[in-house]
């Protein structure tokens, strides 16, 4: 049927899982549940991973933030919401958002806004503004930034 793991086997498996890529506590707990581990074993393994620095929520939050901003060009609101969905503490979210330099954030925002403005083919200027605005808000940029940018177009 399904393979059962000893605590040591599961622990080694989770060490590899965490070493491969930064993970948050929720991901590790979910993975352990898929391995059919009992709650006491899950707690013991999570403590071991934290003690041996395989699992570090602050490091995860910072890495996640840098990646989503640099690769997917997400705004701070979307990053914050995604981290909250992973049960990351407010302290770690605030700490992670400091990883994004303000100048780089604004530069990226203006770059993707201008690019999206050029991409959207809409003759009605109001509809075009709405489409670009919706795109930027979906990306997670702050509404005041988005509105200022939209008003700057024609």
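Quick note: the coordinates plus some simple rules give every number you see, no bench work behind them. Everything numeric in this text was worked out from a predicted model, so none of it was measured. We place every Cβ from the backbone using ideal geometry, glycine too, and count neighbours over all the protein chains shown.
A few remarks follow.
- With all projection directions averaged, the alpha carbon convex hull of the stretch 7-51 covers 2.7 nm².
- Spacing of the modelled spin labels on residue 153 and residue 118, each 7 Å from Cα toward Cβ, amounts to 1.4 nm.
- With 5 Å bins beginning at zero, the pair-distance distribution over Cα atoms of the stretch 102-152 amounts to 4, 22, 35, 26, 10, 3, 1 %.
- Pairwise Cα inverse-distance average, inverted: Kirkwood Rh of the stretch 31-77 (Å): 12.6
- Estimated FRET transfer efficiency when R0 is 22 angstrom, pair residue 4-residue 81 (beta carbons, to 0.05): 0.05
- Residues of the stretch 43-83 with amide N under 18 Å of the 7 Å Cα→Cβ point at residue 104: 59-80
- Only alpha carbons enter this Debye calculation for the stretch 57-97, each as an equal point scatterer, and the log10 of I(q)/I(0) it gives at q = 0.16, 0.17, 0.32 Å⁻¹ is -0.29, -0.33, -1.17.
- Helix 25-34 axis versus longest C-alpha principal axis of the chain: approximately 50°, rounded to the nearest ten.
- Peptides ranked, highest mean first, by Cβ atoms within 10 Å: ranges 125-131, 60-66: 60-66, 125-131
- Label selected from (1) 20.5, 59; (2) 20.6, 65; (3) 15.8, 48, the criterion being Rg and Dmax of the Cα atoms in Å as computed here: (2)
- Full extension of the chain segment joining residue 33 with residue 89 gains 17.9 nm, where the gain is 0.36 nm per residue of separation less the Cα-Cα distance.
- The modelled label-to-label distance for the pair residue 21/residue 134, using points 7 Å beyond Cα in the direction of Cβ, is 3.0 nm.
- Using C-alpha pairs under 8 Å with a sequence gap of at least 6, the mean separation divided by the residue count of the chain gives a relative contact order of 21 percent.
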